[in-house]
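Here the structure comes first, spelled out in structure tokens, and everything after it is commentary.
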Amino acid sequence: MKRVAFKMFLKPGNVEEYKRRHDELWPELEKLLKDAGISEYSIFLDEETLTLFAYQLLSGDSNSQDLGLNPIVKKWWDYNKDLMEVNEDNSPVSVPLREVFYLK
């Protein structure tokens with residue numbers, strides 16, 4: 001299994017709505033992620049900076065950021081564009097993070 005982490009950025013005033021939308025994750029998006037080999041996908045929030053920290057375990061070669069051509073993912077991005085910093089295609093601004101320590 002490969003571990004990946006990245007950060008994204010919420011806009012002020014959107015914490016509860018972001019959580020609500022993710023608590024109601026669309027079943028077709030959940031299936032797509034799992035079918036792509038993504039598991040143990042967690043998103044944490046730094047409430048002071050509104051920075052989101054995402055962590056995934058991957059059994060394949062792709063991660064959630066690689067699924068951007070899928071219509072379900074594009075629809076999800078469009079649905080959440082008002083809550084976070086996004087690129088021109090409405091994908092979340094995402095910064096990969098380098099692992100510097102891991103304890104098994």
### Summary
Looking across segment 1-52 at residues that are surrounded by 12 or more Cβ atoms within 10 Å (Cβ to Cβ), modelled with pLDDT of 95 or more and among the basic types (Lys, Arg), the single one that is farthest from Phe101 (Cα to Cα) is Arg21
### Task
Please work out which residue is surrounded by the fewest Cβ atoms within 10 Å (Cβ to Cβ), limiting yourself to segment 76-101 and to residues that are part of a loop (DSSP other than H, G, I, E, B) and β-branched (Val, Ile, Thr).
Val100
### Pairs with Cβ under 8 Å, 6+ apart, first in segment 76-100 and among the aliphatic types (A, V, I, L, M), second in a loop (DSSP other than H, G, I, E, B)
Leu83/Lys11; Leu83/Asn14; Met84/Lys11; Met84/Asn14; Met84/Val93; Val86/Val93; Val93/Glu85; Val93/Asn87
### Query
Right, Val73: within 22 Å of Leu97 (Cα to Cα), surrounded by 15 or more Cβ atoms within 10 Å (Cβ to Cβ), under 13 Å from the mean Cα position of the chain (by Cα) and at pLDDT 95 or above or not?
yes
### Summary
Here the residues within segment 12-51 that are touching a strand residue (DSSP E or B) at 6+ places or on another chain (Cβ under 6 Å), in a loop (DSSP other than H, G, I, E, B) and in contact (Cβ under 8 Å) with a residue 40 or more places away in the chain are Leu50
### Task
Identify the residue in segment 55-75 that is outside any loop (DSSP other than H, G, I, E, B) and polar (S, T, N, Q) and, among all such residues, is nearest to Ala5 (Cα to Cα).
Gln56
### Summary
For Asn63, the lone unmet condition from (1) closer than 20 Å to Asp82 by Cβ; (2) under 11 Å from the mean Cα position of the chain (by Cα); (3) at pLDDT below 95 is (1)
## Note on the structure
Here the residues within segment 77-104 that are more than 13 Å from the chain's Cα centre (by Cα) and aromatic (Phe, Trp, Tyr) are Tyr79, Phe101, Tyr102
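The values are calculated or read from the model by the stated rules, or taken from the named source; none is laboratory data. These figures come from a predicted structure and were not determined experimentally. Glycine gets a Cβ as well: all are built from the backbone with ideal geometry, and neighbour counts include every protein chain shown.
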